[in-house]
Amino acid sequence: MTKQSLINEVNTSEKMIAVTFDDGPNPVYTTQLLDIFSEVQGKATFFMIGEQMNQHPEIVRNVYEQGHEIGNHTYSHAKMTELAEAECVEEVVRNEQLIYQLTGQKPVVLRPPYLDYNHETVSFMQQKGYPMIGALNLEAHDWEMPGVNHILSKSRECVKNGSILIFHDGYGDRSQSIEAVRILVSELKFQGYQLVTVSELLRMEN
């Protein structure tokens, strides 16, 4: 990873993909995703927001207990580049502490909200030991509800060993995202891909 880049994929010969979700937990959509991944015996990474976790702590625990990863997505989904350093620290650390309080496990990966960052953000994340996670399929624009077929086709274009894919399970109607993921993970399983957490994928880097 270059000094200021996000990790969008991992260079690996293993047939593994990390599917990630932002902005939950959500009582409707996150729980549907747990069922979908259970059916294909896969794992995912959920980049959760503190404010949402406070509202749905039982879902946070369910996600963790089913073997999925919970990543840091800040406490209030703030734009990191618009915050003073002390505010940045509070957003990240407050969320980190909440995840630990609910699961007994500190998060080890982080996705900056809006994928927004600058030199200061990068420096701070390096000090905290957080790799910053992006994704390859940003053209899917699932957060804009462009239709299941659009989300699917743009995500399929990014399928390869070591891909990190992004979808959303929080903030608004995410039914298109859920339906696209339901179809996609079934295809990936059929194609022989292992669906793993981001941390597992990072450990497989060649």
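The values are calculated or read from the model by the stated rules, or taken from the named source; none is laboratory data. Computed from a prediction, not measured in an experiment: that's the story for all the values here. Cβ placement follows ideal geometry from the backbone for every residue including glycine, while neighbour counts extend to all protein chains displayed. Accessible surface areas use protein heavy atoms only, side chains included; no ligands, DNA or RNA. Shrake-Rupley method; radii C 1.70, N 1.55, O 1.52, S 1.80 Å.
Some points to look at:
- Length gained on full extension, ASN11 to GLU144: 44.9 nm, using 0.36 nm per residue less the C-alpha separation.
- Rg over Rh for segment 40-98 works out to 1.05, using Cα positions for both radii and the Kirkwood form for Rh.
- Share of Cα-Cα pairs in the chain lying beyond 29 Å, as whole percent: 17
- For the chain, the longest principal axis of the Cα atoms and the long axis of helix 175-190 meet at an angle of about 60 degrees.
- Residues of the chain: accessible area per residue with a 1.4 Å probe, Å²: 45
- Of GLN176, SER186, VAL148, farthest towards positive along the dipole that unit charges on Lys, Arg, Asp, Glu beta carbons give segment 116-206: SER186
- Rounded to 10°, Cα long-axis angle of helix 119-128 versus longest principal axis of the chain: 90
- Separation between Cα centres of segment 14-77 and segment 111-146, rounded to whole Å: 17
- Spatially proximal lysines relative to LYS79 (Cα-Cα < 20 Å; intrachain offsets below 8 disregarded): LYS3, LYS128
- Most positive-pole-ward Cα, HIS77, VAL63, ILE49, against dipole of the chain from beta carbon charges: VAL63
- Rounded to the nearest 10 degrees, the inclination of helix 85-103 to the longest alpha-carbon principal axis of the chain is 60 degrees.
- Using the Cβ-Cβ distance between SER123 and ASP173 with R0 = 41 Å, the FRET efficiency computed as 1/(1 + (r/R0)^6) comes to roughly 0.65.
- Counted residue by residue at 0.36 nm each, then reduced by the alpha carbon distance between them, the extension gain from ALA86 to ASP116 reaches 9.1 nm.
- Within straight-line cross-link reach of LYS154, lysines at Cα separation under 21 Å, skipping those fewer than 8 residues along the same chain: LYS15, LYS189
- Just the protein heavy atoms count here, and of the accessible area of segment 1-133 at 1.4 Å, carbon and sulfur take up 43 percent.
- Here the contact order of segment 109-206, divided by its residue count and restricted to Cα pairs under 8 Å and six or more residues apart, works out to 24 percent.
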